[in-house]
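The values are calculated or read from the model by the stated rules, or taken from the named source; none is laboratory data. Everything quoted here is computed from the prediction, not taken from an experiment. Virtual Cβ from ideal backbone geometry, glycine too; neighbours counted across all protein chains shown. Ligands, DNA and RNA are stripped out before the accessible areas are found, and what is left, the full protein with its side chains, is counted by its heavy atoms. Shrake-Rupley method; radii C 1.70, N 1.55, O 1.52, S 1.80 Å.
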Amino acid sequence: MDELSLGCVVVGAGPAGLAAAVNAAESGLRVAVIDENDRTGGQIWRSNRGALHPNAVRWLERADRAGVRFIAEATVLGRNRSDEIEVVSGDRPFRIKTESVILATGGRELFLPFPGWTLPGVTGVGGLQALVKGGLDIRGKDIVIAGSGPLVPAVAAELKRRGATVNAVAEQADFVRILSFGLKLARHPRKMFQALQLGFTLRGVPKHFSCWPSRAEGTDRVERVVLSGKRGTVTIPCDFLASSFGLIADTRLARLLGCSVDDRGIVVDEDQMTDVPGVYAAGECTGIGGVDVALVEGSVAGLAVAGRVDDARRLFRRRSVEQRFAAALEGSFALRRDVLQAVEDSTVVCRCEDVRWADLKDRESWRSAKLLTRVGMGPCQGRVCGAALCRLKGWTDPTPRPPLQPVPLAALTSSGQLQPR
Amino acid sequence: MPRTVTLTIDGASITVAENTTVAAAVWNLNGPDMRVSVERQSRGPICGMGICHECRVTIDGRRHQRSCLIHCQPGMEVATRHG
């Protein structure tokens, strides 16, 4: 098996990961960034049909100059010892000797089940945006975007600019709460300006507040969506329905490594260090806050890993300003119970194993549900249904086990992660 | 003049712009249904970023590849609806 020796390994090539890698490498450490994708940038800086965001280009140029290595299409299997992690890239497993790891594993969308949500053509909100950036053609298509959070209007505006017809935008939170969130933006002028731009792009698009998707209908694909709200229901035709309910921190690798997490994400100290020695975390995986806070947190982590604690401290003030925005975000889009009541007995909740709500609603725990139904045991390993069931049933996510992603058996046979403990 | 890539999807030869993901190419050609679930339901991608595994297709004989994470390459052979 191949081995590599480095000063620091960063997991995730989004804004937090790149900022961490650049700062650590510019401080003289040998650094590699690992990512599942074949390109750098993560989700927010996902290349748009090959064109990268200008900010991403700047960070990538710095990374290049500082000699940061990019290991693409790779998944971390686990940490064998405190100075060694194990990675699979394609079919090829290899070990990396490193004293420190920075987790920048980002976030993912919260998907909630409702009747018809498994019809092809029903996607996430960020999910549809990512597919469009990958070349999906939406010109002239009828689109409904229904869910929660700032991503909803942002994606609606982007799709409209690209030639889609946005038939409706629905936000499950109350208008009053959104308004107060808007007022808090006054302390962040750039974000306020972005919000006003979105409002302008979306003029003329029907907007529904306190309103959520209760059913998607169609024969082989989604053809229409039923939106429910205080004023009853409305049925709207669509070729695409984009639906998700905000972002959640991706803490699976952190929990696999033994790091503590709370409701927001991975728990870190002021130097972005977790409670596992040598393991740091930055960006959305420590709490959803957006690209600006991710960049500062990543920079702090990179400097801290390199021992430049004083330089890291100089960034604390900027970080706390950005974190205030994250805090404003949190309360404003709280999930209403109605959204969780859309699920029906026949609704498939676990999409990998086709497990229906009728077989899950009376289970007492994740463990018994898994044993009896195979819920969460398919290829996605509960990434989609797990977060939904935590909200539907009040369960806590079980501690993940390796491998976090399906990997070829050939790659596992030589892996230290399969040895009995 | 944007550069293009020619590949095969379910036996049909198609040409797409460079930097198109396999998921986007399949959807543009045949619609969003890419795989068949364990109960034989049609499914399409939801997350677009490698989380949900609903966009799984066979690429060059390798099954269960997440088509949203992979960019189209010249001569690639893609087969959908395998499972």
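Take B:74-82, A:287-295 and order them by the average number of nearby Cβ atoms within 10 Å per residue, most first; the result is A:287-295, B:74-82. Here the accessible area of chain B is 48 percent carbon and sulfur, with a 1.4 angstrom probe and all protein chains present. Computed with a 1.4 angstrom probe on protein heavy atoms, the B-A interface buries about 3200 square angstrom of accessible area in total. Only protein atoms count toward the accessible area here, which uses a 1.4 Å probe; on chain A, the carbon and sulfur part of that area reaches 50 percent.
Estimated at 0.36 nm per residue, the fully extended path between A:Asp38 and A:Leu371 surpasses their Cα-Cα distance by 116.4 nm. The alpha-carbon positions of region A:88-226 define a convex hull whose volume is 176 Å³ per residue. Going from the chain on its own to the full set of protein chains, region A:335-355 has these residues losing 30 Å² or more of accessible surface (heavy atoms, 1.4 Å probe, no ligands, DNA or RNA): A:Arg351, A:Cys352, A:Asp354. Between A:Lys230 and A:Arg139, the simple label model (points 7 Å from Cα in the Cβ direction) yields a spacing of 4.2 nm.
Inter-chain Cβ neighbour count for B:16-23, averaged per residue, equals 5 (cutoff 10 Å, partner chain atoms only).
How would you classify the protein assembly as shown from its alpha-carbon gyration tensor, with a ≥ b ≥ c the square roots of the eigenvalues: rounded for a/c under 1.5, else prolate if a/b is greater than b/c, otherwise oblate? Cα axes put the protein assembly as shown in the rounded bin. Diffusion coefficient of region A:311-364 by Stokes-Einstein, Kirkwood radius over Cα pairs, 25 °C, 0.890 mPa s: 164 µm²/s.
Determine the residues within region A:123-147 where the difference in accessible area between the chain on its own and the full set of protein chains amounts to at least 40 Å²; count protein heavy atoms only and use a 1.4 Å probe. Buried on complex formation: A:Leu131, A:Gly134, A:Leu136. For A:Lys361 and A:Leu412, the FRET efficiency from 1/(1 + (r/R0)^6), where r spans their Cβ atoms and R0 equals 45 Å, is about 0.80. Normalised per residue, the accessible area of chain A is 43 Å², obtained with a 1.4 Å probe and no contribution from ligands, DNA or RNA. Each Lys and Arg contributes +1 and each Asp and Glu -1, all at the Cβ; summed about the Cα centre of chain A, the dipole is approximately 1020 debye. Of the residues A:Gly394, A:Leu159, A:Phe175, the one whose Cα sits farthest towards the positive end of the charge dipole of the protein assembly as shown is A:Phe175 (charges of +1 on Lys and Arg Cβ, -1 on Asp and Glu Cβ, taken about the Cα centre). Roughly what % antiparallel, to the nearest 5, for the DSSP beta bridges in chain A? Around 50 percent antiparallel, to the nearest 5.
Since only A:Gly7, A:Gln43, A:Val309 are under comparison, the one whose Cα sits farthest along the positive direction of the charge dipole of chain A, derived from C-beta charges on Lys, Arg, Asp and Glu, is A:Gln43.
As I understand it, the value is the acute angle between the Cα axis of helix A:54-65 and the longest principal axis of the Cα atoms of chain A; what does it come to in degrees, rounded to 10? The two axes meet at around 10 degrees.
Principal-axis analysis of the Cα atoms of chain A puts helix A:316-332 at an angle of about 30° to the longest axis. With respect to chain A, whose longest principal axis is taken over its alpha-carbon atoms, helix A:189-201 is tilted by about 40°. Taking a point 7 Å from the Cα of A:Arg391 along the Cα-to-Cβ direction, the residues of region A:161-204 with backbone N closer than 12 Å to it are A:172-173.
Extending 7 Å from Cα along the Cβ direction at A:Glu330 and again at B:Arg62 yields two label points whose distance is 4.0 nm.
According to the square roots a ≥ b ≥ c of the eigenvalues of the Cα gyration tensor, what is the shape class of region A:276-421, taking rounded for a/c under 1.5, prolate for a/b larger than b/c otherwise, and oblate for the remainder? Oblate, since a/c reaches 1.5 and b/c is not below a/b.
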